[in-house]
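See below for the structure under consideration.
The values are calculated or read from the model by the stated rules, or taken from the named source; none is laboratory data. This is a predicted model, so every value here is computed, not measured. No Cβ is skipped: glycine too gets one built from the backbone with ideal geometry, and neighbour counts run over all protein chains shown. The accessibility values were calculated without ligands, DNA or RNA, using every heavy atom of the protein model including side chains. Shrake-Rupley method; radii C 1.70, N 1.55, O 1.52, S 1.80 Å.
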Amino acid sequence: MASPNDLQFQEFDEAADLLSADPEATTLSVSVTSTREGLPESLCYSSGFWTFEYYESLFNVDTVQVLDRVKGSVLPLPGRNFIKHYLRSNPDLYGPFWICVTLVFSVAISGNLSMFLTQMGNPAFHYRPQFHRVTIAAVIIFMYAWLVPVALWGFLTWRQSADRQVKGYSFLETVCVYGYSLFIYIPTSILWIIPFEWLRWMLILVAMVISGSVLVLTFWPAVRDEAKLIAVATVVAILLLHTLLAVGCKMYFFHSATSIPPPAAAATVSTLTTKQH
Amino acid sequence: MAEEEASRPFAGLSDVSIPEDIPVEGDISVPMGANKRDDEYSTLDEPVKETILRDLRAVGNKFIHVLYPKRSSALLRDWDLWGPLLLCVTLALLLQGGAADSDDQGGPQFAEVFVVIWFGSIIITLNSKLLGGTISFFQSLCVLGYCILPLTVAMIVCRIVLVGGSGTVSFVVRLLVVTASFGWSTFASTAFLADSQPSNRKALVVYPVFLFYFIISWIILTFSPSH
């Protein structure tokens, strides 16, 4: 419909800016309803996962954004889906990875300190750094932060059919929300040094409620359309695994010097300790 | 006549003849290139002491830059990994011999210290590159490794203090020394690394460095000698 005078070369600033910012970008339209997950996700998949650019696109966050996401994981408000509200099609791996690393060391160090404080008056006690606990904590936490999202994502992807309105979440978004939901355990584990048992149970309860509700608020819309039984079972399974992690960590790392692994986590822990010898 | 002279500048030489039985020979050398080539060849002939001392001087120079961190590019420009290796091995050796009666509950083994330092440095370097940093891989490894120097000094001081006893006083002294050297290490490495990051992501890069030196400081502080 344009007149012949309009058929000249026109520079579109926005497109030029977008292209200059990322030369690998494809010029797709950024409408949320038509595309599946918006532009950055397709930027992710434009280069293969073996290239450096793929992982660079997963670290495309600023300090302010990371702090914002952390804040969102600590203050779950009903109606605020973490993935839709905070991630907004830009999942990152920076948050989950460094939160997991920090959690590993905070749990190991706080467990060591609490053991020291409870045994301080004991003259027969000789302080030990217990460095092997770092390895055990790392294995447990990283396995939880990666395998459970894989299982959950696989389950959700299998269950959704082609004509469903609500598309499932991508694998990276699932990993991202799980990683950020673990953040609340970092201050909790530091506060567990205080040797009052009732305080510890109260703290773990608060932490589980907060991070559990972040997960439930995120995944409930994805399973809402399922049969009631399956939906409830999925949510219960998510919460159960989360509880298992929290209670298992508490019982293993914050017990006295003679630690007895809980029966639930005994399988993994005992194979790991036998490997240590 | 003057124009003719000017148009034929070498006209005066036209009657110079070179006898055929005198060989004409000589070297044509380009000034810049020849010097470089001469230098490379001459390092083969220099005494071994000279070669080793040159590297040692470079390492020592970088140690001084770490001890007095100012925004200089000497560490970044000529990176080398001798210093980090030396510091890592020294630190790992000094951390041995503690709580040796039960190897399961004790401090980190030699290999564990190595893994923590080198894998930690590699992961931090990858992290800063993925966040869009302009520093190169080995330059970052070099900076992170050299900035372990204050912590190694703290470890030496701690071991000396522990010879005197392991009571509360020695613990307080060790705590102060380790805290001071942790702050020094973090400050020194961020002085070198911070410039290479975009400004809205500086904290994202500094935090892992902080965590890395915190963990090493923790390992040093909790070193308890075997009885």
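What the table below lists for this structure:
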| quantity | calculated |
| --- | --- |
| Distance-filtered residues of the stretch B:196-227 - backbone nitrogen under 14 Å, label point 7 angstrom along residue B:109 Cα→Cβ | none |
| Nearest-10 value in Å² for the accessible area of residue A:159, using the 1.4 Å probe | 70 |
| Distance-filtered residues of the stretch B:43-67 - backbone nitrogen under 20 Å, label point 7 angstrom along residue B:27 Cα→Cβ | B:43-46 |
| Estimated FRET transfer efficiency (residue B:51, residue B:199; beta-carbon r; R0 56 Å; 0.05) | 0.85 |
| Accessible area in the full protein assembly, largest first, 1.4 Å probe, for B:202, B:62, B:49 | B:49, B:202, B:62 |
| Electrostatic dipole magnitude of the stretch B:75-221 [Cβ: Lys, Arg +1; Asp, Glu -1; Cα centre; debye, to 20] | 460 |
| Förster radius 41 Å - calculated FRET efficiency between residue B:179 and residue B:43, Cβ distance, rounded to 0.05 | 0.40 |
| Solvent-accessible area of residue A:228 with every protein chain in place, 1.4 Å probe, in Å² to the nearest 10 | 150 |
| At q = 0.20, 0.21, 0.22 Å⁻¹, base-10 log of I(q)/I(0) for the stretch A:76-152 (Debye sum, equal scatterers on each alpha carbon) | -0.94, -0.99, -1.03 |
| Inter-site label distance for residue A:213 and residue A:139 at 7 Å from Cα along Cβ, in nm | 3.6 |
| Total charge dipole magnitude, the stretch A:106-254, about the Cα centre, Cβ charges on Lys, Arg, Asp, Glu only, Debye to nearest 20 | 140 |
| Computed Rg/Rh of the stretch B:75-221, alpha carbon atoms with Kirkwood Rh | 1.00 |
| Packing-based ranking, highest mean first, of A:234-245, B:189-200 given that Cβ atoms within 10 Å are counted | B:189-200, A:234-245 |
| Gained length - residue A:51 relative to residue A:227, 0.36 nm times residue gap less alpha-carbon distance | 59.3 nm |
| Peptide B:184-191, shielding by other chains (average Cβ, 10 Å cutoff) | 0 |
